[in-house]
């Protein structure tokens, strides 16, 4: 089965690409896919940070079973930003 994987922010830099097409095993979970990607691109797991997964633009957990032609987005934690209002 084929899935399209999209990397965001620091994960894109660590993978050296924004997206790729991946041959996954039938019945593969998102967590299994992440493990395989970390084996193929060891720098992905270096931060030890938790990532979020979205399949076909909907957030899913790591136990979600993938289907042929799914699009999987892998999103690192977001930090920073501003709280409250800013007067300009």
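The values are calculated or read from the model by the stated rules, or taken from the named source; none is laboratory data. All figures in this text were calculated on a predicted structure; none of them were measured in a lab. As a convention, Cβ positions derive from the backbone with ideal geometry for all residues, glycine included, and neighbour counts pool all protein chains shown.
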Q.
Name the single residue that is modelled with the lowest pLDDT among those in the range 66-88 being outside any loop (DSSP other than H, G, I, E, B) and in contact with a helix residue (DSSP H, G or I) (Cβ under 9 Å, 6 or more places away or on another chain).
A. 75
(Q) For the range 1-21, give me each residue that is part of a strand (DSSP E or B) and in contact (Cβ under 8 Å) with a residue 40 or more places away in the chain. (A) 2, 3, 4, 5, 6, 7
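Report whether or not residue 60 is more than 11 Å from residue 4 (Cβ to Cβ), within 12 Å of the chain's Cα centre (by Cα) and touching a residue at least 40 places away in the same chain (Cβ under 8 Å). Give the derivation first.
On the way: more than 11 Å from residue 4 (Cβ to Cβ): yes; within 12 Å of the chain's Cα centre (by Cα): yes; touching a residue at least 40 places away in the same chain (Cβ under 8 Å): no.
It is false that residue 60 is more than 11 Å from residue 4 (Cβ to Cβ), within 12 Å of the chain's Cα centre (by Cα) and touching a residue at least 40 places away in the same chain (Cβ under 8 Å).
Which of the residues that make up the range 1-28 are farther than 17 Å from residue 75 by Cβ and surrounded by 15 or more Cβ atoms within 10 Å (Cβ to Cβ)? Talk me through it step by step, then tell me what you get.
Taking the range 1-28 and keeping what is farther than 17 Å from residue 75 by Cβ, we get 1-2, 16, 21, 23-28.
Answer for the range 1-28, where residues must be farther than 17 Å from residue 75 by Cβ and surrounded by 15 or more Cβ atoms within 10 Å (Cβ to Cβ): 24, 28.
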Q: Read through the list (1) at pLDDT below 95; (2) exposed (fewer than 13 other Cβ atoms within 10 Å of the Cβ), then give the number of the only condition that residue 57 fails.
A: (1)
Q) Taking the range 38-50 as the region of interest, how many residues are at pLDDT 90 or above, surrounded by 13 or more Cβ atoms within 10 Å (Cβ to Cβ) and out of contact with any helix residue (DSSP H, G or I) (no Cβ under 6 Å at 6 or more places or on another chain)? A) 0
Q. Taking the stated definitions as given, is residue 63 touching a helix residue (DSSP H, G or I) at 6+ places or on another chain (Cβ under 8 Å) and at pLDDT 95 or above?
A. yes
Q. Looking at (1) more than 14 Å from residue 76 (Cα to Cα); (2) in a loop (DSSP other than H, G, I, E, B), can you tell me which one residue 50 breaks?
A. (1)
